[in-house]
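Every number in this text was worked out from the coordinates using simple rules, so none of it is lab data. Since we're looking at a predicted model, the values are computed, not measured.
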Amino acid sequence: MARPMFTLALMLAPILGSILTPLSARADEIEDFYRGRNLIVMVGVGAGGEYDLQMRLVSRHIGKHIPGKPATISQNMVGATGLLMANYLANVAPKDGSVIALVQNGLPSYQAMGVEGVNFDATKFNWIGSLAPTAETMAIHKRANVTTVEEARKKELIAASNGRSGITYTFPRLMNELLGTRFKIISGYQSVNEINIAMDRGEADGRNNSWTSWKSAKPDWVANKEIHVIVYAGPKPRDLDGVPAFEDLVTNEEDRQLVRLVISGSRLGHPFATAPGVPAERVKALRDAFASMLQDPEYLKDVTAARLDPNPIRGEDLAKTVNELMAMPQAVKARGKKLIE
């Protein structure tokens, strides 16, 4: 019996070799591409805040999980609350997988609404992954003596924002539109740190921020009840009891669709992408590296230190959410656009 088995092995060897050689060659090609290369990891806002923190966290750890172990370089491309960088990723950045970017999660909805200045197609981005969905909140400094949405309907409050192309503007504007609050939105702050300083000084009464960002950037404010969260949107945080969900406060389905459109970034979390046109095998390598990084003990140690609550989202699921946004009813998109004009 040994002789036929030996003959069969000889017959199968060329077939197996023809299958395995391309796989090995592709792996070698990925490794050869990234070896000795710099991987640029970008974010479209300034230093400080959750976007910058998560960009640098991924930049610090992802390189060693990519074949060829490229060196990583963190970059902030500030402008129009991330829109400048998103346009750069779509139109200027190399389409070879050497640049990945943390895209502002509200920008795909801006494309869906037809906002001026959007020069990208988010459905063409190659989405890599996100560390977790976010719960967006509206928080008021205790100085203002407002702790509920009902109280925010009765008193004009100053909400600080870093620009119309970001959630810090659209969240309070949406509350004014649907919930009858009286936020006076002051834009032009250059960073989330400046917004927090404005609240600390009494220049502003409140701001939008994700719950994880409050806990990581201002844990003393949370612990000492310096701020009161009056509403949230997105997944309910485990440690934010007694606060109503935005969708539960609106009265009809079209309004709920509008909330889902404008606050859609909560479902994307802090999403990383690479440029359109990157070869599929490099996109896969980046997605695999992102997934591998999530199990890295050194990465997990940094996540704990940053007080983040990881619940990763796959790149494929990010792409699905973006496609769903583009399919929203046109009437809802038109209402959303009016909020930021």
Amide H contacts under 5 Å for residue 185, placed H, 5+ residues apart = 159
query = Against the longest principal axis of the chain, how steep is helix 315-326, in degrees 0 to 90 to the nearest 10, with axes from Cα atoms?
reply = 50 degrees
query = Any idea what angle helix 192-201 forms with the longest principal axis of the chain, computed on alpha-carbon atoms, 0 to 90 degrees, nearest 10?
reply = 20 degrees
inquiry  = Give me a comma-separated list of calculated 3J(HN,Hα) values for region 207-222, in order, Karplus coefficients 6.51, -1.76, 1.60 applied at θ = phi - 60°, integers in Hz, x for any Gly or Pro.
reply    = 6, 7, 6, 6, 5, 5, 5, 4, 5, 8, 8, 9, x, 5, 5, 5
inquiry  = Ignoring solvent entirely, what values of log10 I(q)/I(0) come out of the Debye formula for region 136-262 at 0.11, 0.13, 0.16, 0.17 Å⁻¹ when each Cα is a single scatterer?
reply    = -0.33, -0.47, -0.72, -0.83
message = Could you derive backbone 3J(HN,Hα) for region 90-99 from the dihedral phi with the Karplus parameters 6.51, -1.76 and 1.60 (θ = phi - 60°), listing whole Hz in sequence and x where the residue is Gly or Pro?
response = 6, 10, 10, 4, x, 9, 10, x, 8, 10
task = Please give the calculated 222 nm ellipticity per residue for the chain, where each DSSP H segment of at least 4 residues contributes -39500 (n - 2.57) and the sum is spread over every residue; nearest 500 deg cm²/dmol?
result = -14500 deg cm²/dmol
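Just for the chain, what percent of DSSP beta bridges are antiparallel, to the closest 5?
Working: 20 of 36 bridges.
Expressed as a percentage, antiparallel bridges in the chain total about 55.
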note = By the C-alpha gyration tensor axes a ≥ b ≥ c (rounded if a/c is under 1.5, else prolate when a/b exceeds b/c, else oblate), the shape of region 189-281 is oblate
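Considering only region 136-262, what is the antiparallel percent among its DSSP beta bridges, to the nearest 5? Walk me through the numbers before you get to the answer.
On the way: 11 of 17 bridges.
Antiparallel bridges: around 65 percent, rounded to the nearest 5.
As a quick test, which of the pairs 95/338; 124/337; 218/337; 215/301; 215/284 have an alpha carbon distance above 28 angstrom in this structure?
Details: 95/338 34 Å; 124/337 22 Å; 218/337 32 Å; 215/301 17 Å; 215/284 33 Å.
Violating the 28 Å limit, Cα to Cα: 95/338; 218/337; 215/284.
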request  = Give a residue-ordered list of calculated ³J(HN,Hα) values for region 46-59 (Karplus: 6.51 cos²θ - 1.76 cosθ + 1.60, θ = phi - 60°; whole Hz; x for Gly, Pro).
outcome  = x, 5, x, x, 5, 4, 4, 4, 6, 4, 6, 4, 5, 4
query = Just how far, in whole angstrom, is region 108-181 from region 214-238 if you go by their alpha carbon centroids?
reply = 15 Å
task = Would you grab the residues whose amide H sits under 5 Å from the one on residue 128? Only those 5+ places off in sequence or on another chain, please, with H modelled 1.01 Å from N.
result = 272, 273, 274
